[in-house]
1. Contour minus end-to-end for Phe212 and Thr89, with contour as 0.36 nm per residue of separation and end-to-end as the Cα-Cα distance?
2. With 10 angstrom as the radius, rank Ser33, Ser186 by how many other C-beta atoms surround their C-beta, starting from the fewest.
3. So, with +1 on the Cβ of K and R and -1 on the Cβ of D and E, and no other charges, what is the size of the charge dipole of segment 181-335 about its Cα centre, to the nearest 20 debye?
4. Between Glu228 and Asp175, how many nm apart are label points set 7 Å from Cα along the C-beta direction?
5. Show me, for segment 266-272, the HN-Hα J-couplings you get by feeding each phi into the Karplus relation (A = 6.51, B = -1.76, C = 1.60, θ = phi - 60°), rounded to Hz, glycine and proline as x.
6. Expected output is a single nm value to one decimal: the length gained when fully extending between Glu220 and Leu135, i.e. 0.36 nm times separation in residues minus the C-alpha distance. What is it?
7. Please list, in order along segment 124-133, the HN-Hα scalar couplings obtained from phi with the Karplus expression 6.51 cos²θ - 1.76 cosθ + 1.60 (θ = phi - 60°), rounded to whole Hz, x for Gly and Pro.
8. Round to the nearest 10 and give me the degree value, 0 to 90, for the angle of helix 249-262's Cα axis relative to the longest principal axis of the chain.
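Rule-based calculations on the coordinates, nothing more; no lab input. Treat the numbers as computed from the prediction; the structure is a model and nothing was measured. Here the Cβ positions follow ideal geometry from the backbone for every residue, glycine too, while neighbour counts run over all protein chains shown.
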Amino acid sequence: MVWWWLSLACSRDPWRGAGPSPDGPADETWTLSLRGHEVGVERVWQEGDRQVRRTVLTALADGVEATRRSQVRLEGTSPVRGFVVWDGTTVSGEGPAWWPLAALPEVDGPLPLLGADGAITTGELRRVDGELELLGPHGRTRLFPGPDGRPRTAQWAGVTAVRADGDRPDPEPVDIAALLALPAPSFPAARRALVGRYRVGDEEVRVDVPTFAELPPEAERVRELAREVDADLRDVASPFGGTAGSGDCTEHALLFVRRATEAGLEARTLAGYLVTVDPPALVLHAWAEVRLGDRWVGVDPALGQLPADAGHLPVGRWTDEIAALDGTPVEVLELR
């Protein structure tokens, strides 16, 4: 749930089925906002001790309206005893687990979390200065209880969710990639640069990229894995206005890391900024890196790059670390 906005910023997704529709207006609605712009809603229908929660996320990608719809039915909320998730395919499962916007755990510490994909992962609830922090596999969610003891406001990865009674309309589409982009000078060779210098706040950051010839022989297998991932995700539009066939950057990064790990390689996700040429900008992007010999080497399966060029400025492992930079000036000093 914490990385959906980066995924939207990188892709133009087709309709995904949302399961059976509840009748009548929603009992409550969570409004999802990014930098003051509404980008989605999560509607809630209460059916006894069951909840139906439908999320609609809308955006403009490459000038075309993109909408993602998903739905989950929860049996019990404190914690969830059973659930059904619709998102193109149907996933059924059993708890106990927690859906963060449905209820607040009563006890701090480790707890199972139910994700929007139906997977249960391990998280941890902490209380810090009167706030609740929920640490999950993709970062930190801050939860603010209301007078009824239920979550009233939540914040994660730059997104703010606010609960209100009754129904709300879908938001107007927003160009999320443009909203999150930072201005940058034009560098015609940005896609081939081996050296990059950036200023992040008051700190200068240098990115040095090896040539493919410098890498050990297993680099050829990594290149094949990146190509396989790209081929498997070619039904998704390319990131940031390119041609079809490059795919959703987050899906590429996650799938590459999974397959590289299965192949016995050390791999991990990276997230940060990508320098684009037309228009010149710093846009949010996700890629990966793999250990080759004694060094970590960037690989961008969404753009077919090994090594990933110096137009990639890594900020952290996932989007919550990028969100922490919100408001920090980032400047491209040199690409060569």
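1. Details: separation 123, 0.36 × 123 = 44.28 nm, distance 3.97 nm.
The Phe212-Thr89 span can extend by a further 40.3 nm.
2. So the ranking, lowest neighbour count to highest, is Ser186, Ser33.
3. 200 debye
4. 3.8 nm
5. 8, 8, 7, 7, 9, 9, x
6. Numbers: separation 85, 0.36 × 85 = 30.60 nm, distance 3.66 nm.
Length difference between fully extended and current span is 26.9 nm.
7. 8, 9, 10, 10, 10, 6, x, 9, 9, 10
8. 80 degrees
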